[in-house]
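Data first, discussion second: the structure below is written as structure tokens.
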Amino acid sequence: MSDIETLRRLLATCKTIAVVGLSGDWYRPSYFAAKYLQEHGYRIVPVNPKYPEILGEKSYASLAEAAAGCGARIDMVDCFRKSADIEPIAREAVAIGASCLWQQLGVTNQAADRLAREAGLDSVMDRCVKIEHGRLFGGLGWAGVNTRVISAKRPRHLPY
């Protein structure tokens with residue numbers, strides 16, 4: 001579900017985010033999205049076997065390895081992978097006890113979404129965590145950007 005209240009709740013409560021497919025290359029979207037989140041108080045757990053470390057955090061080969069080695073509960077699994085690759089990631093997210101499966105912009109795997117929801121996870125598809133954070137908490141509306149949020153009130157809680 002992608003309504004504003006659900007997105008606000010997820011961004012306020014999911015503090016440790018495993019980013020599957022996080023690139024170590026500064027110019028990749030996954031890198032600057034993760035860096036933004038890290039700068040806003042989130043703990044980023046990179047999941048990419050290609051790199052030993054990304055953004056100052058140890059990188060893991062799989063979600064199971066990340067859950068065992070990072071020393072914290074993984075709240076959200078943020079997927080920067082092709083849609084066809086998401087279903088096994090959703091199974092791993094369920095297995096490690098994550099509370100949210102988040103499929104990035106352009107990523108929509110209905111079977112993974114169904115699997116996550118049936119296991120009790122929140123599931124978001126085709127949205128960017130960085131963009132949603134900026135839209136709902138980062139003050140984009142104050143800069144004149146149409147955030148599609150109509151409210152005279154500030155959010156009740158900020159995630160940082």
Taking the condition more than 25 Å from Tyr36 (Cα to Cα), without any contact (Cβ under 8 Å) to a residue 24 or more places away in the chain and either of a type in the set (D, E, K, R) or assigned to a helix (DSSP H, G or I) (or both), does Arg91 pass? no
So, of the residues in the range 25-84 that are more than 15 Å from Lys15 (Cα to Cα) and of a type in the set (Phe, Trp, Tyr), which turns out to be surrounded by the fewest Cβ atoms within 10 Å (Cβ to Cβ)? Tyr27
Filter the range 34-74 for residues that are out of contact with any Phe, Trp or Tyr (no Cβ under 8 Å at 6 or more places or on another chain) and assigned to a strand (DSSP E or B); the one that is farthest from Ile96 (Cα to Cα) is Glu53
Could you tell me which numbered condition Ala12 fails, if it satisfies all but one of (1) of a type outside the set (Phe, Trp, Tyr); (2) in a loop (DSSP other than H, G, I, E, B); (3) in contact with a His (Cβ under 8 Å, 6 or more places away or on another chain)? (2)
Output the number of residues of the range 62-108 satisfying the condition of being hydroxyl-bearing (Ser, Thr, Tyr) and over 13 Å from Ala18 (Cβ atoms). 2
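Rule-based calculations on the coordinates, nothing more; no lab input. Note that the coordinates shown come from a computational prediction; the quantities given were computed from them, not determined experimentally. All Cβ positions, glycine included, derive from the backbone under ideal geometry; neighbour counts span all protein chains shown.
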